[in-house]
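Single-structure report; data block below.
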Amino acid sequence: MGEPWFKLEKLAKQHRIIALSSNYSLYGDLSARSMSDLATFSPKQVVVYSIDECFLDLDGFAPEGLAD
């Protein structure tokens, strides 16, 4: 994780790994949509931690109802 490509290129070729560039616009759009959808499950608060992580306040929900 976080290793520069030039250090991994030889290993990647050996294992036939293909590296593609990220589509950050698409990823950001999907993230925003996901966070919006998740907000519908938490009437109190959603804390967006990063582009692909958030915390939902589920206080008040019965634990057995959260598994459904």
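The values are calculated or read from the model by the stated rules, or taken from the named source; none is laboratory data. All of these numbers come straight from a predicted model, not from anything done at the bench. Cβ coordinates were reconstructed from backbone atoms using ideal geometry, including for glycine residues, and neighbour counts include every protein chain displayed.
Residue count for the range 1-23, restricted to those that are part of a helix (DSSP H, G or I) and surrounded by 10 or more Cβ atoms within 10 Å (Cβ to Cβ): 5. Among residues of the range 17-35 that are under 19 Å from Val48 (Cβ atoms), those with a beta-carbon under 9 Å from a residue that is exposed (fewer than 10 other Cβ atoms within 10 Å of the Cβ) and not basic (Lys, Arg) at least six positions away or on a different chain give the pairs Ser31/Ser50.
Within the range 41-56, restricting attention to residues that are outside any loop (DSSP other than H, G, I, E, B) and of a type outside the set (A, V, I, L, M), the residue that is surrounded by the fewest Cβ atoms within 10 Å (Cβ to Cβ) is Ser50. The one condition from (1) surrounded by 11 or more Cβ atoms within 10 Å (Cβ to Cβ); (2) in a loop (DSSP other than H, G, I, E, B); (3) of a type in the set (Asp, Glu) that Asp59 does not meet is (1). Return yes when Asp29 is surrounded by fewer than 13 Cβ atoms within 10 Å (Cβ to Cβ), out of contact with any strand residue (DSSP E or B) (no Cβ under 9 Å at 6 or more places or on another chain) and at pLDDT below 90 and no when it is not. Considered against the rule, which asks whether it is surrounded by fewer than 13 Cβ atoms within 10 Å (Cβ to Cβ), out of contact with any strand residue (DSSP E or B) (no Cβ under 9 Å at 6 or more places or on another chain) and at pLDDT below 90, Asp29 comes out as no. Of the listed requirements (1) of a type outside the set (Asp, Glu); (2) at pLDDT 95 or above; (3) in contact with a Leu (Cβ under 8 Å, 6 or more places away or on another chain), Ser42 misses just one: (2).
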